[in-house]
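Asks: Sharing a structure with you now.
FYI, it's all coordinate maths here, none of it is from the lab. What you see is a predicted model; the values in this text were computed from it and never measured.
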Amino acid sequence: MKKILMSLACTSILVSAAWAQDDVVNDGSGFYIGAGLGASGYFATLFDSTYNIYDPDSTYVVSASSLNDVDVGYLFYAWYHINKIIGVEAS
């Protein structure tokens with residue numbers, strides 16, 4: 001019984017929200033804001049070997065170096081639509 005009542009309550013909320021949308025006339029004008037966030041990273045190991053073939057006493061040397069980097073980017077933006085065709089944006 002609880003599940004049925006909860007389903008009816010959720011359905012009535014969704015239906016009333018849909019009916020409210022019909023009353024609003026969207027002329028395309030208005031102020032909007034937004035934000036974005038992103039991240040990227042990499043890890044790499046580089047190997048380098050050296051050996052002098054002309055020197056009989058030379059030893060074979062292997063060296064390794066690692067590269068890693070993580071970057072985070074963010075963006076804030078705002079724009080204003082004057083009408084459905086023309087708008088101004090700043091970021």
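Asks: Got a sec to turn the phi values of segment 51-62 into Karplus ³J(HN,Hα) couplings, 6.51 cos²θ - 1.76 cosθ + 1.60 with θ = phi - 60°, whole Hz, x for Gly and Pro?
Replies: Each residue's phi maps through the Karplus curve to give 7, 9, 6, 8, 10, x, 8, 6, 10, 7, 10, 10 Hz.
Asks: Something else about it: Full-extension gain between Tyr74 and Tyr42, please, as 0.36 nm times their residue separation minus the C-alpha to C-alpha distance. Display every interim value, and only then the final one.
Replies: Values: separation 32, 0.36 × 32 = 11.52 nm, distance 1.85 nm.
Difference between extended and current length: 9.7 nm.
Asks: Starting from the amide H of Gly87, placed 1.01 Å from N in the peptide plane, find each other amide H under 5 Å away whose residue is 5 or more places distant or on another chain.
Replies: Counting only residues 5 or more places away or on other chains, the set is Ile82.
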